[in-house]
Structures are given as C-alpha cells and as structure tokens.
Amino acid sequence: MEPSRIAVAGASGLIGAALVRSLAADGHEVVRLVRRAPRTKDEVRWDPEGGRVDVAGLAGCDAVVNLAGVGVGDSRWTDAYKARIRSSRVLGTRALAEAVAGMEKKPRVFVNGSAMGFYGETGERAVDESAPPGEGFLPRLCVEWEGAAAPAQEAGVRTVFTRTGLVVARGGGAWGRLFPLFRAGLGGRLGDGRQYWSFISLHDEVAAIRHLMDTDGLSGPFNLTAPQPLRNREITAAMGRALHRPTLFAVPAPVLRSVLGELAGDVLGSARVVPKRLLESGFTFAFPDIDGALRAAL
C-alpha cells in the first residue's frame, strides 16, 4: 500500500497504539482522534458519546479505523459500567460512521472494532463468521456495535468488522494481567480449565487489521483469532513453559464469580472461534500457536 493518510480512533489503547506504530514505521501519515483539544497537527478532536467529529480534520484520509471503547475487563460489570462499555462503542461508532458518510471525498475503507464476544458461549462447537450471535450482554453489545456502522455502509464505504479474540501481549488486555501472576508462580487454570480460549498475538492482530485495510473487496465480519483455539488448561501449561514457573494454583469458579461478578461468566465460558474468512482472504499468521504468540509477547 502506498503511503497514505489514515485516521485511528482508540490510538492510545493496546491495539491502537501498536497499529499506529506499525503504520508510522511504513511511512503512513496517521491522524489520531482525541477527546481533548488537539495539541499537535496529527490530532483531530472528537466527542464519541456526544456524536461530534471534526470532519474537516479527516479530509484526505484513505482509511478510518475505529478501535475506541472502554475496557471490557477493566472494572466489575455494574449497570453503570456496562452502560459506559456500550456508549463508548455504539455511540462512538455511529458518530464516526456518520462523519465518514458525510465526507465529500470518502475514505476507501472503514475498519470498525468488534469482538469474538459476538458469539457468546460456544461450548465444544467451533464457530466461524457465519454463526449467529449468542445470548447475553456481550453478544447484544457486538450486534449493536456493528450495526452502528450502518451510515458508512449505506454511503458505499467498504466496511470491515474485526471480531478480535484475546490478544497475547504484555502491555494490556487479559494477558497484561496474567503475565504478572504467572511470573510470581501464582498462575493456574480458571475453573475446570476445559473452556476454549481463542487468542491472537498482538503482532498478528495488527497485521490482520492492515491486511483487511489494504485488500480491496474485503468487507463484513472477520474473526481475528489464531487458527487453533485452545482450552484454558492448555494455555495455562504454555504460560508455565514460557515463564518457567509452576502452574499449580487453580482458581475455582465460585471465587471468580465472587470477584468478577457477571464478567466471570465470560471468563469461564467457552469461545471456540476460528478465523475462516481471514484465512480464505490469504492472510498468513506469523504466530499461529500459543507458544509462538507467548514468545513474541515476551
């Protein structure tokens, strides 16, 4: 892809920051959307909950990427926090999609974040992008989140949804919390450890987003997960190998429920999600297995 101008919302998050570094390293001009008054020429003001975007600041952008949203696992799921999770994603997506639709020269592609939470509990069943949404808070959120991008789609802008799995990285997300525990020798399986976890290395997450941005003709949902989901107990063993630590401390399900509340259902639930459309599109994973993903993160 020739050097171009690309706008990124959520540029300070784990995935967004890595994406910005990757794009800048390849000579692209990156515009970061910020909620405060811009301090540099590469910042553009927006108010996701208020539905306001400085459309003039997006002029000339070849792509707009929206990865903004309050961290799903950053707090216990009170009604108030769930409302923040929803508004930060749904209202922000709608604001950007409407801004994109209203641009005189529209971007070539709009990439909008989503999550494998779309599928909910899958048990032993492997699901690809053709599967319907599951039940519960996260599936309902993902349906509404993706639906909020309708203005961009209706304006004829190629729109992609990245249904991301658990990102293996030191700097944030689920693994950002797991690494310190395992380093301290306190890591172990969660519940009975039989539940599937669908993971992806941070390197492959960024590479997949860029692949979807750059490849004309790709639109709709794509699962950003490694090809072979693993059970929690298998990932626990891999963490022990990578960090040379014992993994003796299993966390019983009742303890997780008492600490995490409603969120524990998603930690203990099984999500066996496979990236069928991503593989069919020609994407190649650099770290398809958990051992490689962990080495890349460390």
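The values are calculated or read from the model by the stated rules, or taken from the named source; none is laboratory data. Please read these numbers as outputs of a predicted model, since none were measured by experiment. Positions of Cβ are generated from backbone atoms using ideal geometry, with glycine treated the same way; all protein chains shown enter the neighbour counts. Quick note on the areas: whole protein, heavy atoms, side chains included, nothing else; ligands and nucleic acids left out. Shrake-Rupley method; radii C 1.70, N 1.55, O 1.52, S 1.80 Å.
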**Message:** Sequence gap at least 6, Cα distance under 8 Å: using those rules, report the relative contact order of the chain to the nearest whole percent.
**Reply:** 18 percent
**Prompt:** Under the Karplus relation 6.51 cos²θ - 1.76 cosθ + 1.60, θ = phi - 60°, what is the ordered set of whole-Hz ³J(HN,Hα) values for segment 166-178, x standing for Gly and Pro?
**Reply:** 6, 7, 7, 7, 7, x, x, x, 4, 5, x, 8, 6
**Message:** Taking all protein chains in place and a 1.4 Å probe, what share, in percent, of the accessible surface of segment 65-192 do carbon and sulfur account for?
**Reply:** 52 percent
**Request:** Stick to the Cα atoms of the chain, pair each with every other, and give me the Kirkwood hydrodynamic radius in Å at one decimal.
**Result:** 19.6 Å
**Request:** Work out, step by step, the length gained on full extension between Ser130 and Lys105: first 0.36 nm times the residue separation, then minus their alpha carbon distance; give nm to one decimal.
**Result:** 5.8 nm
**Message:** I'd like the per residue volume of the convex hull spanned by the Cα atoms of segment 106-197, given in cubic angstrom.
**Reply:** 124 Å³
**Prompt:** Using a 1.4 Å probe, what is the accessible area per residue for segment 1-108, in Å²?
**Reply:** 48 Å²
**Prompt:** Where does each of 37-44, 235-242 land if you order them by average Cβ count within 10 Å, highest first?
**Reply:** 235-242, 37-44
**Ranked by how many other beta carbons lie within 10 Å on average, peptides 12-18, 95-101, 184-190 from highest** = 95-101, 12-18, 184-190
**Message:** How far apart, in nanometres, would the label points at Asp214 and Leu279 be if each is projected 7 angstrom from Cα along the Cα-to-Cβ direction?
**Reply:** 2.2 nm
**Request:** Above 25 angstrom, tally the Cα pairs of segment 1-138 and express them as a % of all pairs, no decimals.
**Result:** 33 percent
**Asked** Which shape class applies to segment 60-164: rounded if a/c is under 1.5, otherwise prolate when a/b exceeds b/c and oblate if not, where a ≥ b ≥ c are the square roots of the Cα gyration tensor eigenvalues?
**Response** oblate
**Message:** So with the 1.4 Å probe, I'd like the accessible area per residue for segment 111-198, rounded to whole Å².
**Reply:** 40 Å²
**Prompt:** Can you list residues whose amide H is under 5 Å from Gly134's amide H, if they're 5+ apart or on another chain and H is modeled 1.01 Å from N?
**Reply:** Tyr119, Gly120
**Request:** Considering Cα pairs under 8 angstrom that are at least six residues apart, work out the relative contact order of segment 114-228 and quote it in whole percent.
**Result:** 30 percent
**Message:** Out of all DSSP beta bridges in the chain, what portion is antiparallel? Express it as a percent rounded to 5.
**Reply:** 10 percent
**Item:** Nonlocal amide H pairs with Gly191, under 5 Å, H built at 1.01 Å
**Value:** Val251, Ala253
**Asked** Of the residues Thr225, Thr159, Thr78, which exhibits the maximal mean-square fluctuation in a Gaussian network model of the chain defined by a 10 Å Cα contact cut-off?
**Response** Thr78
